[in-house]
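This report refers to the structure that appears directly beneath it.
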Amino acid sequence: MNALIVGRAIAGLGGSGMYLGSLNLLSITTTVHERPAYIGATGLTWGLGTVLGPVVGGAFSQSAATWRWAFYINLLIGAVFAPVYFVLLPSADPQPNTPPMARIKQLDWLGIILNIGSFVSLIMAINFGGTVYAWDSGREIALFVVGGLLLIAFAVTQAYSVFTTPAQRLFPGEFLRDPFLVMLFAMMAAASTAIFVPTYYIPLYFQFVRGDTALEAAVRLLPFIILMVFFCIVNGGAMSKTGYYAPWYLFGGAMVLIGGALMYTVKESTSTSKIYGYTVLIGIGSGSYIQASFSVAQAKVKPEQIPLAVGYISLAQTGGVVISLAICGSVFLNESVKGITPFLEGVPTAAIKGAVAGSGSELFRSLEGETRRHVLHAIIHAMDKNYILLIVAGAMTVIGSLFMKWEKLFLEAGHAG
């Protein structure tokens, strides 16, 4: 398991570098006017990866190739695209005369360490609370205290540029003085929540209720993801053509709000067609503004701040995913165990947690009749509560959109350029 954790951490480092690298290259090679269309197109590859990842991974896990090929396949894809990296990427060096070691020294190492430490501590506290450790245990309290102190220390180092400079600090604190950019940050986190909570819990629902395999459950995501990707591309093209961005946040937030509210009502008896319909609404809504903040933020800041804006919005995107899934995981497991325990008297808590971990567990398969029905109801009821986050995300986006200007931002920026 340690090898898997380290390997995934390294892969995540590379994946985030490629993603941010693509967005930064687009900021260099496109105008403000055409940028939304190109950034929207990145949603196509990102969405395809989201779709194909679970499907391909599920297929490998059920085949003779085994789950290991879910990782090996990345090596093949990297080899195929290696010529692109070496030959076709444009050369844009902002510091042509600066040696590599000097560039490394420019990094805000203290900020990086404090940022990682605070995130890890707080995410562990949320994930472990009520499952690994009791909420009032010393270890749980220590995780929250350490995470909070590290977060405060990070904020202080960024505010006063400790061991770094304002231009090179990790977090662009000046953006927090702009209410509009703060709102864009919150809306990006909301859009990420609206995408990844269903991506994780829709397959889990079908595994419990319909008895789907990993592959079958992943295929259930297709209506949601296809519409999300389609509207992501439409949003980028439309913003480039019309210049307007505010209507997309209003429309997208409303769809997420409606879809999240409907998913909150889902029971084990809800028809598959209704669930597809509800998730399609979420896909349409989240796709309508998941990539928009990248383009809007770049158009609103000074040219020299564009790379900072990309990193700033990306932090909201990835942070929204990590924090929302951590919260959902804790809520789902704690609420499920609390709801199941009365119907499984004498069963150890560890075994109950194992049953919640997947419908394929021996304990869950052994349940019959009324006991199985009550346990399944408790699990789905706990899962429904996660969609409260989508309701909040959608409502926050709708309210925020009402404070946006209905301006032709990208057309005006394009003409000005």
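Condition first: surrounded by 13 or more Cβ atoms within 10 Å (Cβ to Cβ), polar (S, T, N, Q) and under 30 Å from ALA254 (Cα atoms). Can you find one or more residues in segment 359-373 that meet it? No: segment 359-373 contains no residue that is surrounded by 13 or more Cβ atoms within 10 Å (Cβ to Cβ), polar (S, T, N, Q) and under 30 Å from ALA254 (Cα atoms).
A quick yes/no check of all residues on (1) at pLDDT below 95; (2) under 27 Å from GLY53 (Cα atoms); (3) in the same structural domain as PHE332 (by TED's automatic domain parsing); (4) more than 19 Å from the chain's Cα centre (by Cα):
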| site | (1), (2), (3), (4) |
| --- | --- |
| ALA190 | no, yes, yes, no |
| ALA194 | no, yes, yes, no |
| ARG210 | yes, yes, yes, yes |
| ALA214 | yes, yes, yes, yes |
| ALA218 | yes, yes, yes, no |
| PRO223 | yes, yes, yes, no |
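Of the residues in segment 225-256, how many are of a type in the set (Phe, Trp, Tyr) and closer than 14 Å to GLY43 by Cα? Result for segment 225-256: 2.
For beta carbons closer than 7 Å, sequence separation of 6+ or different chains, a first residue in segment 29-44 that is closer than 14 Å to LEU409 by Cβ and aliphatic (A, V, I, L, M) and a second that is part of a helix (DSSP H, G or I) and modelled with pLDDT under 85, the qualifying pairs are VAL32/PHE410; VAL32/ALA413; VAL32/GLY414.
Picking from residues in segment 107-155 that are in contact with an Asp or Glu (Cβ under 7 Å, 6 or more places away or on another chain) and outside any helix (DSSP H, G or I), the one that is surrounded by the fewest Cβ atoms within 10 Å (Cβ to Cβ) is ALA134. Among the residues of segment 156-172, the one identified as in contact with a Phe, Trp or Tyr (Cβ under 9 Å, 6 or more places away or on another chain), part of a helix (DSSP H, G or I) and more than 19 Å from ILE313 (Cβ to Cβ) is THR157. For TYR72, indicate whether it is over 29 Å from ALA218 (Cα atoms), part of a helix (DSSP H, G or I) and among the hydroxyl-bearing types (Ser, Thr, Tyr). Taking the combined requirement at face value, the residue does not satisfy it. Could you tell me whether any residue of segment 33-52 is farther than 20 Å from VAL322 by Cβ, out of contact with any Phe, Trp or Tyr (no Cβ under 6 Å at 6 or more places or on another chain) and not in a helix (DSSP H, G or I)? Yes; the residues of segment 33-52 include at least one that is farther than 20 Å from VAL322 by Cβ, out of contact with any Phe, Trp or Tyr (no Cβ under 6 Å at 6 or more places or on another chain) and not in a helix (DSSP H, G or I). Taking helices (runs of 4 or more DSSP H) as the structural unit, those lying wholly within segment 315-413 and holding at least 2 residues that are among the β-branched types (Val, Ile, Thr) correspond to 349-356, 369-384, 388-401.
None of TYR278, TYR249 is in a helix (DSSP H, G or I), buried (at least 20 other Cβ atoms within 10 Å of the Cβ) and in contact with a Phe, Trp or Tyr (Cβ under 6 Å, 6 or more places away or on another chain) except TYR249.
The values are calculated or read from the model by the stated rules, or taken from the named source; none is laboratory data. Since this is a predicted model, take the numbers as computed values, not measurements. Cβ: placed from backbone, ideal geometry, glycine included. Neighbour counts: every protein chain shown.
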